[in-house]
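A.B. asks: Let me begin by handing over the structure; questions about it come next.
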Amino acid sequence: MPTADIANTSPALADRLATYAYGLRYEDLDAATIERVKTLVVDTIGCGLGALDAEPVRICRAVTLGVEGPATIVGTTRKTTAELAAFANAATFRYLDFNDTYTAKFAIHPSDNIAACLAVAEAERATARDLILAIVIAYEINCRLVDVFDISTRGWDPPVFGLPAVALAAGKLMKLDAGQLSHAVALALNDHIPMAQTRVGALSLWKGVAVAEAGRNAIFAARLARAGMTGPAPIFEGRSGFIQQITGPAEVDVEAFGGPGREFRLHRCTIKPYPAVIYTQTAIVAGIEVAREVCDLARIASIEIATTKRGLQRTGSEPEKWDPQSRETADHSLPYITARAMFDGDITEASFEPTKFRDPAVLAFMQKIKVIEDPALTKRIGLAVPTRVAATLTNGEIVSREVDFAPGFAQRPMTREEVERKFRGNLGAAWTDAQSLDLLDTLWSLDRLDDISVLMTKLQGNAR
């Protein structure tokens, strides 16, 4: 059926998404969902506070400081517009590649959108309950669209789905009606589709900032919609719309989205145990187990790492992944991450210091590594992100481990204690124990806060 006919025979998807976001209420969230929001916010903010001194974070922060507004720039005592605060803070939260992940047709970091929700909530003087609801909406829209649409084969970048997610979450906080929300989605999508060149070859500083730009654009789209601006429609089904130009055909069952009696997708998100791309998480576990059994890595003649189709594309299909020249390339290199884990028994932020990813011994060891796709693993992608590491020893013996889930995956969720341990590790020595405890108390009490500015003031920390 031609695309133009699709728009005439069923309600437009943007309208259905807008109706869902407009109708969802805080009272529709169960206790487990509210607790999960708080857990994800704790994890995300911890990742951000550990990245305040990173070069791209400092760049993004610097370009926002000259514009005054009502929203806090994390790590400073300064405020700017909601759009610019969301941009700077999302770049901060995302930089370490340590924030949560959702995997379906491809992988996304839905917590990237928390920065936008915080900025708009503060600017609009929203309640903490409004903030929590907006975060749930952002997660649900982002994850459900990734369930259905596959942009990986057409060269588009995952932040594309942050555009409608943030437009709807921000619009909800701005108290837009359903019609305005639909226009916000259209305005966000039409002119801001990101290209996947961001994640190809030698990766640039933009790798961790692209999603921040999507959030900035989406907030501005919601602001325009509130002022009365209309957007191109139908943005998804139109003759030159999103489905025709970007994704190809697919059906989105909005009626199945999270709500009373239906699970929200944020319960299926992974809290990462290691600061690296999601496709390496199980490889790290498998690699460490293989190294422990082998004992002496000099005994290894070759290693085959079997991953999924997307894992191969993103982490093991390019020569740059065997010769990383930057942190951004190193944390997306399956050969490097696995080798480093086998050498050190762990992956931490220190694993991405230049002396580590340019270590001659590790670079030489990486030449023994081959990365392949195993179609059987590809079929299991979703809640599982499977990897198999098989080492062939010099005597011909093979030592192999296959891992589906790392700690923090939905099947192996972290406890509060484990989440707090990761949080404190990210904050490091820059924050005192008393400061960390005080911030954690505030975050775990998010649903009971009378004023969001109390939290945002504490996120100033040791202001830069």
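The values are calculated or read from the model by the stated rules, or taken from the named source; none is laboratory data. Computed from a prediction, not measured in an experiment: that's the story for all the values here. Positions of Cβ are generated from backbone atoms using ideal geometry, with glycine treated the same way; all protein chains shown enter the neighbour counts.
A.B. asks: Quick one: ILE284 ticks every box in (1) of a type in the set (A, V, I, L, M); (2) outside the structural domain of ASP374 (by TED's automatic domain parsing); (3) buried (at least 23 other Cβ atoms within 10 Å of the Cβ) except a single one, so which number is it?
C.D. replies: Against the list (1) of a type in the set (A, V, I, L, M); (2) outside the structural domain of ASP374 (by TED's automatic domain parsing); (3) buried (at least 23 other Cβ atoms within 10 Å of the Cβ), ILE284 comes up short only on (2).
A.B. asks: Take the residues in the stretch 412-436 that are over 20 Å from the mean Cα position of the chain (by Cα) and among the small types (Gly, Ala, Ser); name whichever of them is surrounded by the fewest Cβ atoms within 10 Å (Cβ to Cβ).
C.D. replies: So, considering only residues that are over 20 Å from the mean Cα position of the chain (by Cα) and among the small types (Gly, Ala, Ser), the one surrounded by the fewest Cβ atoms within 10 Å (Cβ to Cβ) is ALA429.
A.B. asks: Which fully enclosed helices (runs of 4 or more DSSP H) of the stretch 81-169 have 2 or more residues being of a type in the set (D, E, K, R) and surrounded by 23 or more Cβ atoms within 10 Å (Cβ to Cβ)? Steps first, please.
C.D. replies: Values: elements: 82-94, 114-123, 128-148.
Counting at least 2 such residues, we get 82-94, 128-148.
A.B. asks: In the stretch 347-367, how many residues are under 18 Å from PHE98 (Cα atoms) and charged (D, E, K, R)?
C.D. replies: Adding up the residues that qualify gives 2.
A.B. asks: What is the residue count in the stretch 349-388 for residues that are in contact with a Leu (Cβ under 6 Å, 6 or more places away or on another chain) and assigned to a loop (DSSP other than H, G, I, E, B)? It would help to see each step written out before you state the result.
C.D. replies: So in the stretch 349-388, the residues in contact with a Leu (Cβ under 6 Å, 6 or more places away or on another chain) come out as 371, 373, 386.
Then keep just the ones that are assigned to a loop (DSSP other than H, G, I, E, B); that gives 386.
Within the stretch 349-388, residues that are in contact with a Leu (Cβ under 6 Å, 6 or more places away or on another chain) and assigned to a loop (DSSP other than H, G, I, E, B) number 1.
A.B. asks: Continuing with this model, one more query. Do we find that THR72 is in contact with a strand residue (DSSP E or B) (Cβ under 6 Å, 6 or more places away or on another chain), over 18 Å from ALA210 (Cα atoms) and assigned by TED's automatic domain parsing to the domain that holds PHE149 in this structure? Outline the logic, then answer.
C.D. replies: Details: in contact with a strand residue (DSSP E or B) (Cβ under 6 Å, 6 or more places away or on another chain): yes; over 18 Å from ALA210 (Cα atoms): yes; assigned by TED's automatic domain parsing to the domain that holds PHE149: yes.
In short, yes.
A.B. asks: A follow-up question, please. Can you report the number of residues in the stretch 187-222 which are under 22 Å from ASP15 (Cβ atoms) and assigned to a helix (DSSP H, G or I)?
C.D. replies: So the first thing to find is which residues in the stretch 187-222 are under 22 Å from ASP15 (Cβ atoms), and the list is 187-193, 214, 217-222.
Right, trim to assigned to a helix (DSSP H, G or I) and you get 187-190, 214, 217-222.
Of the residues in that region, 11 qualify.
A.B. asks: List the number of the failed condition for ILE6; all other conditions in (1) at pLDDT 95 or above; (2) part of a helix (DSSP H, G or I) hold.
C.D. replies: (1)
A.B. asks: Follow-up question, since we're still on this one. Which condition breaks for PRO232 when tested against (1) outside any helix (DSSP H, G or I); (2) assigned by TED's automatic domain parsing to the domain that holds GLY201; (3) in contact with a strand residue (DSSP E or B) (Cβ under 8 Å, 6 or more places away or on another chain)?
C.D. replies: Checking PRO232 against (1) outside any helix (DSSP H, G or I); (2) assigned by TED's automatic domain parsing to the domain that holds GLY201; (3) in contact with a strand residue (DSSP E or B) (Cβ under 8 Å, 6 or more places away or on another chain), the one that fails is (3).
A.B. asks: Find the residue count for the stretch 437-464, including only residues that are assigned to a helix (DSSP H, G or I) and surrounded by 19 or more Cβ atoms within 10 Å (Cβ to Cβ).
C.D. replies: At the first step, the residues of the stretch 437-464 found to be assigned to a helix (DSSP H, G or I) are 437-444, 446-448, 452-458.
Now narrow it down to the ones that are surrounded by 19 or more Cβ atoms within 10 Å (Cβ to Cβ): 439-440, 443, 446, 452, 455-456.
Here the count works out to 7.
A.B. asks: Could I ask something else about it? Determine if the stretch 393-409 includes at least one residue that is modelled with pLDDT under 90 and either under 26 Å from ASP150 (Cα atoms) or touching a Lys or Arg at 6+ places or on another chain (Cβ under 8 Å) (or both). Before the answer, list the steps.
C.D. replies: Filtering the stretch 393-409 down to residues modelled with pLDDT under 90 leaves none.
Within the stretch 393-409, not a single residue is modelled with pLDDT under 90 and either under 26 Å from ASP150 (Cα atoms) or touching a Lys or Arg at 6+ places or on another chain (Cβ under 8 Å) (or both).
A.B. asks: Exactly one of (1) buried (at least 22 other Cβ atoms within 10 Å of the Cβ); (2) hydrophobic (A, V, I, L, M, F, W, C); (3) under 19 Å from LYS379 (Cα atoms) is unmet by LEU312. Its number?
C.D. replies: That leaves (1) as the condition not met.
A.B. asks: Mind checking which residues of the stretch 181-240 are closer than 22 Å to GLU124 by Cα, surrounded by fewer than 24 Cβ atoms within 10 Å (Cβ to Cβ) and among the aliphatic types (A, V, I, L, M)?
C.D. replies: Across the stretch 181-240, the qualifying residues are LEU224, ALA227, MET229.
A.B. asks: What pairs can you find where one residue is in the stretch 410-430 and small (Gly, Ala, Ser), the other is exposed (fewer than 14 other Cβ atoms within 10 Å of the Cβ) and at pLDDT below 95, and their Cβ atoms are less than 8 Å apart, with a gap of 6+ or different chains?
C.D. replies: ALA430/ASN462
A.B. asks: What single numbered condition from (1) more than 24 Å from TYR95 (Cβ to Cβ); (2) assigned to a helix (DSSP H, G or I); (3) of a type in the set (A, V, I, L, M) fails to hold for ALA341?
C.D. replies: (1)
A.B. asks: With the checklist (1) part of a loop (DSSP other than H, G, I, E, B); (2) surrounded by 15 or more Cβ atoms within 10 Å (Cβ to Cβ) in hand, flag the one item ASP346 doesn't pass.
C.D. replies: Every listed condition holds for ASP346 apart from (2).
Rundown of residues vs (1) assigned by TED's automatic domain parsing to the domain that holds GLY48; (2) surrounded by fewer than 23 Cβ atoms within 10 Å (Cβ to Cβ); (3) in contact with a strand residue (DSSP E or B) (Cβ under 9 Å, 6 or more places away or on another chain), yes/no style:
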residue	(1), (2), (3)
VAL254	yes, yes, no
ALA291	no, no, yes
THR308	no, no, yes
PRO324	no, no, no
ARG340	no, no, no
ARG358	no, yes, no
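A.B. asks: Another question, if that's okay. Can you work out which of the residues in the stretch 360-408 that are among the β-branched types (Val, Ile, Thr) and crowded, with 20+ Cβ neighbours inside 10 Å is farthest from GLU304 (Cα to Cα)? Let's see the steps before the verdict.
C.D. replies: Filtering the stretch 360-408 for residues among the β-branched types (Val, Ile, Thr) gives 362, 369, 371-372, 378, 381, 385, 387, 389, 392, 394, 398-399, 403.
Restricting the remaining residues to those that are crowded, with 20+ Cβ neighbours inside 10 Å gives 369, 371, 381, 385, 387, 389, 403.
Working: ILE369: 6, VAL371: 6, ILE381: 19, VAL385: 17, THR387: 10, VAL389: 6, VAL403: 14 Å.
It comes out as ILE381.
A.B. asks: Tell me whether the stretch 179-191 contains one or more residues that are within 25 Å of GLN244 (Cβ to Cβ), within 17 Å of the chain's Cα centre (by Cα) and of a type outside the set (Val, Ile, Thr).
C.D. replies: No, because not a single residue in the stretch 179-191 is within 25 Å of GLN244 (Cβ to Cβ), within 17 Å of the chain's Cα centre (by Cα) and of a type outside the set (Val, Ile, Thr).
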